[in-house]
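The values are calculated or read from the model by the stated rules, or taken from the named source; none is laboratory data. Treat the numbers as computed from the prediction; the structure is a model and nothing was measured. No Cβ is skipped: glycine too gets one built from the backbone with ideal geometry, and neighbour counts run over all protein chains shown.
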Amino acid sequence: MKVLTVLGARPQFIKASVVSAAIGQRAGMTEVVVHTGQHHDTSMSDVFFDELGMAKPAHHLAIHGGGHGEMTGRMLAGVERILLEERPEVVLVYGDTNSTLAGALAAAKLHIPVAHVEAGLRSFNMRMPEEINRILTDRVSTWLFAPTDDAVGHLAREGVDPARVHQVGDVMYDVALHHGERALKMSENIVSRLGLAEKGFVLATIHRAENTDDAERLRNIVGGLSRVAERLSVVWPLHPRTRGVLAGMGALEELERHVLLIEPVGYMEMVQLERAAAVIATDSGGVQKEAFFHGVPCVTLRDETEWVELVAAGWNRLVRPIDMAGVAGALIHAVGTQGKSIAPYGMGDTAVRIVDVLSR
């Protein structure tokens, strides 16, 4: 069986690292990786293949920039050409990016079965491009690999054939177990290099369009983090797109007076920062879960989250960034807190379970 995997964004490289390893260990299965180029900066792309021991992609489309429709359309055409050349038995996609949708649509139109990792997640906010991408990808997928009970329930309510749905757990938990200890044992630690105190700082990651494309929301986040920085250090690995927006608003110079802004970091350094943080402020779905895996309280600066079980258990606080005081207060109050003991994401064997289903 030849599996063609379509990747394009930083979180997908991380998730694929363990599934690709499981495919490589399975007799009779081979994998061809296509990188769309959606995340093209070295710090957002190449570093993950190096750090996580992944083979370099066999195909690189170098597609990035432009509007959602333009980007997805170019990817669709590029992936289709590769599918006609490679003729795989399965196309594997992850998550909810434009790369995910392009890979799924290209395969479906060529009648190649699609396997979707992280199927069934819903924010119920159709203004999010991610919500559109994940719903359409689920609709054309043959195998829907759901991470949680809630994801399975969403698919059932949408009328998806239960035979297509496989609750396998969350592949990010596999990653945390597999690579987390490696990050701790590294001789170089970014926390000490930056002069940060263990459990003495806030880690911030903001990149979603709902925040970066809304000047008022972004100002509230910046203002909230600046207020927190009066009491607790704040470090923010700045996504290139977010940096550009802040510079365009004229907010970057003022922010740098309060917050430690650094370039994007690799996965291992991100794990080191997450483990050592007193609290994490994010709009990333993956970081919400990583905070939980490392036992760190999280404040999600969005209107909703797909990972509702973490909010219900008290590990995550959902805060709309509609005022600076609300953002700052939520972060300060979260320091030192813990949620209930839960285990919603499987046993760390998700990658093997995915490969088991595909090999059958």
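Counting only residues that are of a type in the set (Val, Ile, Thr) and more than 19 Å from Thr100 (Cα to Cα), which one in segment 131-159 is surrounded by the fewest Cβ atoms within 10 Å (Cβ to Cβ)?
Ranking the qualifying residues of segment 131-159, first place goes to Val152.
Pull out all pairs, ordered by first then second residue, where Cβ-Cβ is under 6 Å, the residues are six or more apart or on different chains, the first lies in segment 54-66 and is in contact (Cβ under 8 Å) with a residue 12 or more places away in the chain, and the second is among the basic types (Lys, Arg).
Cβ pairs passing all conditions: Ile63/Arg74.
Here are the criteria: (1) over 20 Å from the mean Cα position of the chain (by Cα); (2) under 24 Å from Arg10 (Cβ atoms); (3) of a type in the set (D, E, K, R). Tell me which single one Glu85 does not satisfy.
(2)
Looking only at segment 112-123, which residues are hydrophobic (A, V, I, L, M, F, W, C) and part of a loop (DSSP other than H, G, I, E, B)?
Those that are hydrophobic (A, V, I, L, M, F, W, C) and part of a loop (DSSP other than H, G, I, E, B): Ile112, Ala119, Leu121.
I'm checking my understanding of the structure. Among residues of segment 88-104 that are among the hydroxyl-bearing types (Ser, Thr, Tyr) and outside any helix (DSSP H, G or I), which one is farthest from Thr30 (Cα to Cα)?
Thr97
Check off (1) touching a residue at least 40 places away in the same chain (Cβ under 8 Å); (2) part of a loop (DSSP other than H, G, I, E, B) for Met126 and give me the number that stays unchecked.
With respect to (1) touching a residue at least 40 places away in the same chain (Cβ under 8 Å); (2) part of a loop (DSSP other than H, G, I, E, B), Met126 is out only on (1).
Checking Ala77 against (1) under 22 Å from the mean Cα position of the chain (by Cα); (2) at pLDDT 95 or above; (3) surrounded by fewer than 16 Cβ atoms within 10 Å (Cβ to Cβ), only one condition comes out false. Which one?
Of the numbered conditions (1) under 22 Å from the mean Cα position of the chain (by Cα); (2) at pLDDT 95 or above; (3) surrounded by fewer than 16 Cβ atoms within 10 Å (Cβ to Cβ), the odd one out for Ala77 is (1).
For residues in segment 80-96 being farther than 18 Å from Ile354 by Cβ and aliphatic (A, V, I, L, M), which is surrounded by the most Cβ atoms within 10 Å (Cβ to Cβ)?
Step by step, filter segment 80-96, then rank; the result is Leu83.
From Arg139, Arg134, Arg127, Arg122, grab the single residue that is under 22 Å from Ile63 (Cα atoms) and of a type outside the set (Ser, Thr, Tyr).
The conditions single out Arg134.
Can you find even one residue in segment 97-119 that is touching a Lys or Arg at 6+ places or on another chain (Cβ under 7 Å), of a type outside the set (Val, Ile, Thr) and either within 24 Å of Ile354 (Cα to Cα) or free of Cβ contacts under 8 Å to residues at least 24 places away in the same chain (or both)?
No, that holds for no residue.
For segment 248-360, which strands (runs of 3 or more DSSP E) that fit wholly inside it have 3 or more residues that are at negative phi and of a type in the set (A, V, I, L, M, F, W, C)?
260-262, 279-282
For the list (1) farther than 21 Å from Lys2 by Cα; (2) touching a Gly at 6+ places or on another chain (Cβ under 8 Å), I need the number of the one condition that Val117 fails.
Going through (1) farther than 21 Å from Lys2 by Cα; (2) touching a Gly at 6+ places or on another chain (Cβ under 8 Å) one by one, Val117 breaks only (1).
Could you identify the single residue in Ala215, Ala197 that is surrounded by fewer than 16 Cβ atoms within 10 Å (Cβ to Cβ), among the aliphatic types (A, V, I, L, M), without any contact (Cβ under 8 Å) to a residue 40 or more places away in the chain and closer than 17 Å to Ala276 by Cα?
Step by step, each of Ala215, Ala197 is checked, and only Ala197 is surrounded by fewer than 16 Cβ atoms within 10 Å (Cβ to Cβ), among the aliphatic types (A, V, I, L, M), without any contact (Cβ under 8 Å) to a residue 40 or more places away in the chain and closer than 17 Å to Ala276 by Cα.
Quick one: count up the residues across segment 5-27 that are over 20 Å from the mean Cα position of the chain (by Cα) and either hydroxyl-bearing (Ser, Thr, Tyr) or closer than 18 Å to Ile112 by Cβ (or both).
Residues meeting the conditions: 1.
Does Gly66 qualify as being out of contact with any Leu (no Cβ under 7 Å at 6 or more places or on another chain), farther than 26 Å from Asp356 by Cα and surrounded by fewer than 23 Cβ atoms within 10 Å (Cβ to Cβ)?
The answer is yes for Gly66.
Right, His166: over 20 Å from Ala276 (Cβ atoms), surrounded by fewer than 21 Cβ atoms within 10 Å (Cβ to Cβ) and not charged (D, E, K, R) or not?
Considered against the rule, which asks whether it is over 20 Å from Ala276 (Cβ atoms), surrounded by fewer than 21 Cβ atoms within 10 Å (Cβ to Cβ) and not charged (D, E, K, R), His166 comes out as yes.
Just a yes or no: is a residue in segment 225-246 assigned to a helix (DSSP H, G or I), crowded, with 17+ Cβ neighbours inside 10 Å, touching a Gly at 6+ places or on another chain (Cβ under 8 Å) and modelled with pLDDT of 95 or more?
no
Which of (1) among the aliphatic types (A, V, I, L, M); (2) in contact (Cβ under 8 Å) with a residue 12 or more places away in the chain; (3) under 30 Å from Ala22 (Cβ atoms) is the odd one out, the single condition Ala163 does not satisfy?
That leaves (2) as the condition not met.
Can we say Thr350 is among the hydroxyl-bearing types (Ser, Thr, Tyr), buried (at least 22 other Cβ atoms within 10 Å of the Cβ) and assigned by TED's automatic domain parsing to the domain that holds Leu218?
No: the conditions fail for Thr350.
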